[in-house]
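Peer 1: This is the structure I have questions about; it appears just below.
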Amino acid sequence: MMDFKDSRAFTENRLVDRLDKLIEHHQDMKLKYPEDSDANNHFEWNIKELNLIRKMVVFNPRFMWKEVQKIMDAAYLEDKSITGFTWFFDFVETDLPNRAFIKTLISPK
């Protein structure tokens with residue numbers, strides 16, 4: 001369980017770091033060649049595209065699955081005998097929740 005988390009976090013962080021370095025490099029190149037308008041237009045376009053890629057890497061448009069996974073991983077670190085999780089996912093706060101029951105088995109075949 002932890003191997004996937006560790007490699008995923010490492011990969012995502014490394015990707016963001018590399019994108020930041022590329023963006024910084026392009027900004028430096030703009031300063032190095034201020035009079036070359038074609039090069040500056042190209043650098044600016046690259047910076048814009050790299051920022052878009054960075055947003056796609058960092059932003060999750062659906063739900064905070066990464067946060068849920070971090071909580072699950074932390075619980076697993078504390079107790080490696082865990083065989084599952086009980087999770088209440090409510091759309092509204094109410095004294096009498098009406099929840100559907102979803103049971104899923106996630107295991108390698």
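Every read-out reported here was derived from the displayed coordinates using simple, explicitly stated rules and does not represent laboratory data. This is a predicted model, so every value here is computed, not measured. Methodologically, a virtual Cβ is constructed for each residue, glycine included, from the backbone with ideal geometry; neighbour enumeration extends over all protein chains shown.
Peer 1: Just grab the label-to-label distance for Ala39 and Leu15, each label 7 Å out from Cα along the Cβ direction, in nm (one decimal).
Peer 2: Modelled inter-label distance: 3.1 nm.
Peer 1: So I have (1) 178; (2) 102; (3) 91, and one of them is volume of the Cα convex hull per residue in Å³ calculated from this model. Which one is it?
Peer 2: (1)
Peer 1: Here's another thing I want to ask about it. Provide the FRET efficiency to the nearest 0.05 for the Glu78-Asp28 pair, computing r from the beta carbons and using R0 = 41 Å.
Peer 2: Details: r = 45 Å, r/R0 = 1.11.
Once the sixth-power term is evaluated, E becomes 0.35.
Peer 1: Could you sort 74-86, 38-50 so that the peptide with the highest average Cβ count within 10 Å comes first and the rest follow in order? Walk me through the numbers before you get to the answer.
Peer 2: On the way: 74-86: 9.0, 38-50: 14.1.
Output ranking for 74-86, 38-50: 38-50, 74-86.
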